[in-house]
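No lab work stands behind these numbers, since they all come straight from the coordinates. Predicted model, so just to flag it, every value in this text is computed and none were measured. Ideal geometry is used to build each Cβ from the backbone, glycine not excepted, and the neighbour counts take in all protein chains shown.
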Amino acid sequence: MRNLKKFFTMAFLFILLGTTLGICQSELIPYRKGDKWGFCDRNKKIVIPIKYDLVWPFSEGLAAVKLNGKLGYIDKEGKEYFAD
């Protein structure tokens with residue numbers, strides 16, 4: 001659990017730095033409310049609902065997510081891809 005906290009802290013620092021420098025201009029940004037995660041745009045408008053247990057930043061148009069113990073992916077429109 002401690003390593004996971006370090007991972008997310010580093011990921012958010014990278015996103016914050018990248019956004020500040022203009023590297024991540026077109027990307028959606030992970031957004032946490034309480035203990036759930038979703039994604040917002042640069043103006044902090046929620047684009048993908050805050051419902052996930054964990055999220056990872058987008059890469060190549062997809063972001064890894066964890067929902068109810070299942071790992072999967074979502075696209076930038078919020079369409080979910082979970083293994084059956």
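Numbers for the structure displayed
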| quantity | calculated |
| --- | --- |
| Filter result for Ile46 (among the hydrophobic types (A, V, I, L, M, F, W, C), under 13 Å from Ile29 (Cα atoms) and touching a Cys at 6+ places or on another chain (Cβ under 6 Å)) | yes |
| Residues within segment 31-52 that are acidic (Asp, Glu) and in contact with a Leu (Cβ under 6 Å, 6 or more places away or on another chain), tallied | 0 |
